[in-house]
Structure formats: structure tokens, C-alpha cells
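Here the structure is laid out as C-alpha cells; the discussion comes afterwards.
The values are calculated or read from the model by the stated rules, or taken from the named source; none is laboratory data. This one's a predicted model, so the numbers in the text were calculated from it and none came from an experiment. Virtual Cβ from ideal backbone geometry, glycine too; neighbours counted across all protein chains shown.
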Amino acid sequence: MTDLVITSASNPRLKQLVSLQRRRVRDELRVTLLEGYDELALALDAGVQLRTLYYCPELMLDAGEQGALVDRLRGDHIETVRLSRAAFEKVAYREGADGFLGVAPVPGAALADLQLPDAPLLLVAEGIEKPGNLGAMLRTADAAGVDAVVAADAVTDWGNPNVVRGSKGTVFSVPVASASADEALDHLQRKGIRVVATTPDTDLLHTEADLTGPVAIAVGTEKYGLTGDFLARADVRVRIPMVGHANSLNVSTSAAIVLYEAVRQRSAR
């Protein structure tokens, strides 16, 4: 298979690629952008079926190893398009581009389609606005072995390129789903999964709560935390001890602290 070569930064095909940075276009086409060699390799290992690979040899950091990825995809009959440096920089959306950009299906499954073990550990993120925070939580979820991440009343989408970037591609390796807060809570209740809500308005420390068994750790918006309705329906409320002057932690940090306490307790069991 001979690669298509694009050298002009004004090529119409590049304009279509840039348009995928808009949610409306992603939702319509059901594809997103995946930039970076490491992120692409992780996604492919997770079973993602790439639609098209755009690559730029001038920007590759390791022509031997990274060139092998191009050959692999070409051998799998995935469309590979070679771009000039000017053309690649037109479509790159992150600093320090390494010459790899893929078009992949938007990640995510229906809530009911998540395949969970008997005693799953989940993360539920309600109303998260910043893609970088959602991406950071996915990296933690991947490292901690979380079984799924659910975006409740999501403000951003799983296919947002900055979610993909912030997650280092783990949005394709960790099962993810989106739902309304009520749908998520109803589903967890039907499955017998306890909801552990993080909030400063409780006396119970996260280290004192039982985080074994089927559990969903819930974190809320960057500014206000979990909504009152969500807190009212949670099974347990926990707080992270704080002794400084600030009254809150970054939401991705809070998620990491409680998730790893759950990992510690579950490992001890």
C-alpha cells in the first residue's frame, strides 16, 4: 500500500482534521484525534482500531522504533498518510509534536455495557469541566487498576483531544462511560455497588471508611464538589484531612488519594 503524501498546509484534508477539535464534529463523525507516539502505541495495545495514521518523519524522535509502528499499521491495511513538517504542525494540537496523529473511534461505552468483576472499584466524576482534570483522573485510574470511570452529567466528552492528551492515551485502556447523575446512581444501586462520596462536610476520614467490596468513589466539580442530590443518595461520605490554609484539593488529586486508599485496603484483604 502506497502512502498518500501531503505537503501543503492548506490541503482540505487537514482542515477536516482540525475540525475534529470541535465537539460538534466529533459527535457527528464519532471519531477523535489521538496525538503522540506513546499514546498511539498504548491505544493500539488496548485494541483500538485506528482509522487513519498521519505521520511526519521529520518530527520522529526515533525513526527506527517509531517507523516500525507505521510499518505495522500499513501491514494491517490501516490508511497511513505522510505529512510534511508544515502540514503536520498545521494539525498538531499539542506542544512538542513527535510526528504522530491518529484518527480513532470516540472512546466510551453505554453504562449498561460495562463489563465489571464481582467486586469492582469504580470512579465516578460528576460535572468535571476541565479536560485536563478528567485526563489526569484516567491516568490514576489506569495505574490503580480501576475497573471503569463514569462521567456523570459530563461537561466535556471522552473524545476531547485534551482529555486524550491529559490521559496519555489511557482513555482507550480504561473502560469509560457517560450518564446523567441519576442514571449513574440508579445503575450503581441496581448493581449493589456502594457509592463513597468525597466531601469536606463529614467527620469520617477516607482512611476510616471501608473501601473494599463493590465500591464507586465519587468526586465532583472543580469549584463546588458533588451536588447536594448526589451527596444525598451516596451510601457513605468521606473527607480527606487537610491542615493547610486552602480549603480544597484539585479534584484529580482528591480522586487519586481516595482511590489509592481503596487499593491499599483491597490489597490488605
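Points worth noting:
- Restricting region 115-131 to residues that are within 15 Å of the chain's Cα centre (by Cα) and surrounded by fewer than 23 Cβ atoms within 10 Å (Cβ to Cβ) leaves a set whose member that is farthest from Tyr54 (Cα to Cα) is Gly127.
- Set Leu138, Leu185: member being within 18 Å of Ala43 (Cβ to Cβ), outside the structural domain of Glu95 (by TED's automatic domain parsing) and either in contact with a strand residue (DSSP E or B) (Cβ under 8 Å, 6 or more places away or on another chain) or not acidic (Asp, Glu) (or both): Leu138
- Options Arg30, Arg74; residue that is over 30 Å from Ala262 (Cα atoms), surrounded by 15 or more Cβ atoms within 10 Å (Cβ to Cβ) and of a type in the set (Lys, Arg): Arg74
- Filter result (crowded, with 22+ Cβ neighbours inside 10 Å and either of a type outside the set (Asp, Glu) or not assigned by TED's automatic domain parsing to the domain that holds Gly99 (or both)) within region 38-50: Leu40, Ala43, Leu44
- Counted residues, region 87-105 - those being surrounded by fewer than 22 Cβ atoms within 10 Å (Cβ to Cβ) and at pLDDT below 95: 8
- Ser248 vs. criteria closer than 21 Å to Val155 by Cβ, in a helix (DSSP H, G or I) and touching a residue at least 24 places away in the same chain (Cβ under 8 Å): no
- Residues of region 72-91 satisfying the condition of being in a loop (DSSP other than H, G, I, E, B) and of a type in the set (S, T, N, Q): Ser84
- Residues that are of a type in the set (Val, Ile, Thr) and either free of Cβ contacts under 8 Å to residues at least 40 places away in the same chain or over 15 Å from Ser173 (Cβ atoms) (or both), drawn from region 137-159: Val149, Val150, Val155, Thr156
Residue-wise test of (1) assigned to a loop (DSSP other than H, G, I, E, B); (2) touching a Pro at 6+ places or on another chain (Cβ under 9 Å).
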{"residue": "Leu122", "(1), (2)": "no, yes"}
{"residue": "Asp142", "(1), (2)": "no, no"}
{"residue": "Asn162", "(1), (2)": "no, yes"}
{"residue": "His187", "(1), (2)": "no, no"}
{"residue": "Asp203", "(1), (2)": "yes, no"}
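- Evaluation of Ile193 against (1) out of contact with any helix residue (DSSP H, G or I) (no Cβ under 6 Å at 6 or more places or on another chain); (2) surrounded by 19 or more Cβ atoms within 10 Å (Cβ to Cβ); (3) at pLDDT below 95 (one fails), failing number: (3)
- Unmet criterion (only one of (1) farther than 19 Å from Ser8 by Cβ; (2) under 26 Å from the mean Cα position of the chain (by Cα); (3) without any contact (Cβ under 8 Å) to a residue 40 or more places away in the chain; (4) not in a loop (DSSP other than H, G, I, E, B)) for Ala104: (3)
- Filtered residue count, region 145-164, keeping only those that are surrounded by fewer than 18 Cβ atoms within 10 Å (Cβ to Cβ) and modelled with pLDDT of 95 or more: 1
- From the list Leu69, Leu53, Leu134, the one residue that fits, being surrounded by 23 or more Cβ atoms within 10 Å (Cβ to Cβ), in contact (Cβ under 8 Å) with a residue 24 or more places away in the chain and in a helix (DSSP H, G or I), is Leu134.
- Selection count where residues are in a loop (DSSP other than H, G, I, E, B) and touching a residue at least 24 places away in the same chain (Cβ under 8 Å), scope region 92-101: 6
- Taking the numbered list (1) touching a residue at least 12 places away in the same chain (Cβ under 8 Å); (2) exposed (fewer than 11 other Cβ atoms within 10 Å of the Cβ) in turn, Val243 passes all entries but (1).
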